[in-house]
Amino acid sequence: MRRLRTKIAIVGAGPSGLYLSHELRGHGIDSVMVERCSREHLERRVRAGLLEEGTVRLLRASGLGSKLDKEGLVHDGFQLRFENNLHRISTASLIGEPTYIYGQQEVVKDLLAARPLDDETLYFDAEDVRLGGITSDNPCVAFTVGPDRVLVEADFIAGCDGYHGVSRPSIPASTLTFHSRRYPFNWIGMLVSAAPFASELVYSVHPGGFALQSMRTPEISRLYLQTDARDELSDWPETRIWDELGRRLYVDMSETRARGAILEQVMVPLRATVTEPMRYGRLFLVGDAAHIFPPTAAKGLNVALEDSSALARALIAWYDRGQGDLLEGYSAARLRSVWRAQDFSSWLTWLFHPAADASAFDYNLRTASLARLAEAGSTAVAFADEYVGYSRRR
Ligand SMILES: Cc1cc2nc3c(=O)[nH]c(=O)nc-3n(C[C@H](O)[C@H](O)[C@H](O)COP(=O)(O)OP(=O)(O)OC[C@H]3O[C@@H](n4cnc5c(N)ncnc54)[C@H](O)[C@@H]3O)c2cc1C
C-alpha cells in the first residue's frame with residue numbers, strides 16, 4: 001500500500017471538490033483529490049448552465065474569470081410565458097443583477113486547466129474508495145488506482161462526491177437527518193445543435209405542462225419538458241417530444257431544420273434532499289453530497305460552490321490563524337442558505353408545473369400568481385432577489 005500525507009483529502013472532483021482544492025492551493029494549503037471517473041468524462045458531463053452573480057464573482061476572484069467573461073452569455077432577464085402571453089422579467093432592472101449562461105463542464109475544464117501541469121495530487125479512475133477514522137484526529141481515504149492501493153492520511157476530509165458518493169453513507173445513519181422530497185414530475189432534458197429560438201431563457205407554463213428553452217452557447221440549445229414522474233424516456237419518442245415542445249413554447253418545431261440534431265437526451269427526476277448536519281467528526285459534506293435541488297431554479301451548482309467557498313474560508317482561518325469558529329459553524333451556516341434555496345426552488349417548482357389532475361380553480365390560482373410576477377411590482381422584486389441568489393448573500 002502506498003501512503004500519502006496531506007492536510008485535506010477531497011473525495012470527488014466535480015465542481016465543488018475542484019473549486020475547494022483550487023482555493024486551498026491559492027492559500028498554500030495542500031490537498032489530495034480522488035475521483036472515480038476519468039478526466040475526459042468530467043470534461044464532457046453536461047449538467048448545469050445558469051450561474052448566479054455571486055458564483056461568477058467567486059470564480060473571478062479565484063482567477064477563473066477570463067474564459068467565462070469571454071464566452072459566458074450575460075442575461076439581464078428572461079421571458080415568462082403563460083396564457084399565451086409573453087412577459088419579460090428583467091432581474092437587472094428589478095434588482096440590478098444579471099445571470100450568466102456558462103456550462104458546468106466549462107467551469108470544470110477551467111478548474112482542471114488551472115491545476116499545475118505536473119499535478120500529482122488528483123487521482124482519476126479510482127475504485128473502491130473508502131473513508132476511515134472520521135471521528136479521530138487522523139482521518140483517511142483509501143482507494144485503488146491501477147494496480148496500487150493508496151492510503152491518504154489527512155487532517156480533514158471534504159466529501160464532495162455528489163448524491164451517489166461514498167462520503168454521506170460513511171456517516172452512521174443514526175447521527176444524520178436525511179430530508180427528501182420527490183416531486184411528481186420529471187424533466188426530459190435535451191442538448192440540441194441549433195441556435196436557441198430566443199436569446200434569453202423562456203419559461204413557459206402551459207396547461208399541458210411546463211417547458212423551458214435555455215442554451216449553452218449561441219449555437220447550442222438546452223430544452224426541457226415536464227413529464228409525469230412515472231414516465232420513461234421510451235414513452236417519449238422524438239416526434240412526441242418535438243410536438244410537445246412546440247406546443248408548450250408556442251414555436252413551430254414541425255420543420256426538422258428548426259429542431260437541430262439531438263446531442264444528448266436525459267430524464268431528470270425532480271427531487272430535493274437535505275442532509276443535516278453537514279459535518280460529522282472531521283468529515284465535511286459539500287455540494288450535492290449534502291443536498292439536491294430540483295433543477296427549476298438552477299440552484300444546485302450555485303449552492304455547491306458556495307459550500308466550497310465557505311469551507312475553504314473556514315479551513316484557511318484554521319490553518320492561518322488557528323481559528324476554529326468557522327469550521328464549527330460551517331454546517332449551521334450552510335444549512336440556512338441551503339433551506340433558503342430549497343424554499344425558493346420548491347415554490348417555483350409548484351408554480352411552474354401544472355399537475356395532470358389540476359382543477360380549473362388550481363389553474364386560475366396559478367395564473368393569478370404568474371400575473372403578479374409579471375407586474376414588476378414588489379412580488380417581482382422579491383422573486384428576482386431569490387432567482388439571482390442575492391438574498392443568500394446578504
Ligand atoms: C441532468 C442535470 C441537470 C442539472 N442542471 C442544473 C442546472 O441547470 N443548474 C444548477 O445549478 N444545477 C443543475 N444540476 C445540478 C448540478 O449539476 C449539481 O448541483 C452540481 O454538479 C454539484 O456539484 P458537486 O461537485 O457537488 O457534485 P457532482 O457534480 O455530482 O460531483 C461529484 C463528483 O464525485 C465523483 N464521485 C462520486 N462517487 C465517488 C466516489 N465513491 N469516489 C470518488 N469520487 C466519486 C463523481 O464522479 C463526481 O465527479 C443538474 C444536475 C443534473 C444531474
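The values are calculated or read from the model by the stated rules, or taken from the named source; none is laboratory data. Quantities reported herein were computed from a predicted structural model and do not represent experimental measurements. Positions of Cβ are generated from backbone atoms using ideal geometry, with glycine treated the same way; all protein chains shown enter the neighbour counts.
Key figures
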| item | result |
| --- | --- |
| Residues within region 198-227 that are surrounded by fewer than 17 Cβ atoms within 10 Å (Cβ to Cβ) and either at pLDDT 95 or above or aromatic (Phe, Trp, Tyr) (or both), tallied | 0 |
| Qualifying residue in region 23-36 (condition: in the same structural domain as HIS164 (by TED's automatic domain parsing), closer than 24 Å to ALA297 by Cβ and within 9 Å of the ligand (Cβ to nearest atom)) | no |
| Matching residues, region 160-172, being near the ligand (Cβ under 9 Å from one of its atoms) and in contact (Cβ under 8 Å) with a residue 12 or more places away in the chain | CYS160, ASP161, GLY162, TYR163, GLY165, VAL166, SER167 |
| Unmet criterion (only one of (1) touching a strand residue (DSSP E or B) at 6+ places or on another chain (Cβ under 8 Å); (2) crowded, with 21+ Cβ neighbours inside 10 Å) for TYR19 | (1) |
| Yes/no for ALA113 being assigned by TED's automatic domain parsing to the domain that holds PRO237 and surrounded by fewer than 16 Cβ atoms within 10 Å (Cβ to Cβ) | no |
| Pair list, Cβ under 9 Å, 6 or more apart: region 60-73 residue over 9 Å from TYR100 (Cβ atoms), other residue of a type in the set (Ser, Thr, Tyr) | ARG60/SER66; SER62/TYR19; SER62/SER309; LEU64/TYR19; LYS67/TYR102; GLU71/TYR102; GLU71/THR217 |
| Checking ASN85 against (1) modelled with pLDDT of 95 or more; (2) more than 17 Å from the chain's Cα centre (by Cα), the condition it does not meet | (1) |
| Any pair with Cβ under 9 angstrom, 6 or more apart, that starts in region 1-22 at a residue that is away from the ligand (no atom under 15 Å from the Cβ) and ends at one that is at pLDDT 95 or above and assigned to a helix (DSSP H, G or I) | LYS7/LEU24; LYS7/LEU315; LYS7/TYR319 |
| Within region 141-158, tally of residues that are surrounded by fewer than 20 Cβ atoms within 10 Å (Cβ to Cβ) and of a type outside the set (Val, Ile, Thr) | 8 |
| Condition check for VAL107: touching a Lys or Arg at 6+ places or on another chain (Cβ under 7 Å), within 14 Å of the ligand (Cβ to nearest atom) and aliphatic (A, V, I, L, M) | no |
